[in-house]
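**Q** To start, I am sharing the structure in question, which I have written as structure tokens.
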Amino acid sequence: GLALIEQVLAQAGQTGPWNDPPSDPVIAGLEYIHSELPGRPTVAAAASHAGVRPDGFRKRFAVQIGLPFRQYVLWTRLGLAADAMATGMNLTDAAATAGFADSAHLSRVFRRTFGLPPSVAVGSVAASR
């Protein structure tokens, strides 16, 4: 998922949000997020999983990952959806796979994030592989 998003960003001349390697609590939080998706991961549960307080975790996560927790979850959902579409899944099923409410929600978020509809972005990356 994230590799495909990185390809889309590279084609647009941008890079991803990642900084230096994250600390152990942030890594534990990332593991929690990825195990919870397409469900609804929360900062409180991620912090608990990491064994730290939510406020400190939220700040540490944003600094080390380069995105606030909720935006990272959304970013990861976009990656899941992009992977699903790149394998031929239709927009509706890709949206459900990634935890979006419906295909319209996925399309709005994708367009707001990348400036392109998902079909165009994923199609151009898949064609360049």
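**Q** Given the criterion in contact (Cβ under 8 Å) with a residue 12 or more places away in the chain, under 30 Å from PRO117 (Cβ atoms) and either aliphatic (A, V, I, L, M) or touching a Ser or Thr at 6+ places or on another chain (Cβ under 8 Å) (or both), identify the matching residue among ALA82, ALA62, ALA47.
**A** Values: ALA62 fails: in contact (Cβ under 8 Å) with a residue 12 or more places away in the chain; ALA47 fails: under 30 Å from PRO117 (Cβ atoms).
Within the list ALA82, ALA62, ALA47, the selection yields ALA82.
**Q** Being open to solvent by less than 60 Å² (accessible area, probe 1.4 Å), of a type in the set (Phe, Trp, Tyr) and touching a residue at least 40 places away in the same chain (Cβ under 8 Å), is that true of even one residue in the stretch 109-125?
**A** yes
**Q** With respect to PHE100, is the statement that it is in contact with a helix residue (DSSP H, G or I) (Cβ under 7 Å, 6 or more places away or on another chain), outside any loop (DSSP other than H, G, I, E, B), at pLDDT 95 or above and crowded, with 19+ Cβ neighbours inside 10 Å true?
**A** No, not satisfied.
Let's see how each residue does on (1) of a type in the set (A, V, I, L, M); (2) at pLDDT below 95:
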| residue | (1), (2) |
| --- | --- |
| SER48 | no, no |
| ARG58 | no, no |
| PHE61 | no, yes |
| ALA84 | yes, yes |
| LEU91 | yes, yes |
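The values are calculated or read from the model by the stated rules, or taken from the named source; none is laboratory data. Values in this document were obtained by computation on a predicted structure and should not be read as measured data. Cβ sites come from the backbone with ideal geometry, for glycine too, and all protein chains shown count toward neighbours. When the accessible area is computed, the model is the full protein with side chains, heavy atoms only, and any ligands, DNA or RNA have been set aside. Shrake-Rupley method; radii C 1.70, N 1.55, O 1.52, S 1.80 Å.
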